[in-house]
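Engineer: Structure in structure tokens, see below.
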Amino acid sequence: MSGRKITVPRAANGVAMFDFKEICEKEYGSMDFIAICRNFDSIFIKNVPVINISERNLSRRFILLVQIFSIILMN
């Protein structure tokens, strides 16, 4: 997890729920997202905003998150 501690604010029975800001506005990377996937069967993200084209880092992080979650959780 790149030496970071990830706080999962709401979790039960293999399901985690994050607010968009809790997971995408922090400097998490691919290893952090993989670690989350390995610990939960289902992951919900609420309050996903419309992302402006000028918010490149935020949009890239969200795309990375969705790609990793899709690959790992679907297998």
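The values are calculated or read from the model by the stated rules, or taken from the named source; none is laboratory data. Note that the structure is predicted; figures quoted are calculated from it, not measured. Because the Cβ atoms are built from the backbone with ideal geometry, glycine has one as well, and the counts that use them run over all protein chains shown.
Engineer: Quick check, is N13 out of contact with any Phe, Trp or Tyr (no Cβ under 8 Å at 6 or more places or on another chain) and at positive phi?
Structural biologist: The answer is yes for N13.
Engineer: Can you tell me which residues in the stretch 41-59 are more than 14 Å from the chain's Cα centre (by Cα), surrounded by fewer than 11 Cβ atoms within 10 Å (Cβ to Cβ), modelled with pLDDT of 90 or more and in a loop (DSSP other than H, G, I, E, B)?
Structural biologist: Hits for the stretch 41-59 are V50, N52, S54.
Engineer: Do we find that V66 is in a loop (DSSP other than H, G, I, E, B), at pLDDT 90 or above and surrounded by fewer than 15 Cβ atoms within 10 Å (Cβ to Cβ) in this structure?
Structural biologist: For V66, the condition - in a loop (DSSP other than H, G, I, E, B), at pLDDT 90 or above and surrounded by fewer than 15 Cβ atoms within 10 Å (Cβ to Cβ) - is not met.
Engineer: Identify the residue in the stretch 1-22 that is within 17 Å of D41 (Cβ to Cβ) and of a type in the set (A, V, I, L, M) and, among all such residues, is modelled with the lowest pLDDT.
Structural biologist: Residue satisfying both the conditions and the ranking: I6.
Engineer: Can you find, within the stretch 15-40, the residue that is farthest from F62 (Cα to Cα) among those that are among the charged types (D, E, K, R) and assigned to a helix (DSSP H, G or I)?
Structural biologist: Among those residues, the one meeting the criterion is R38.
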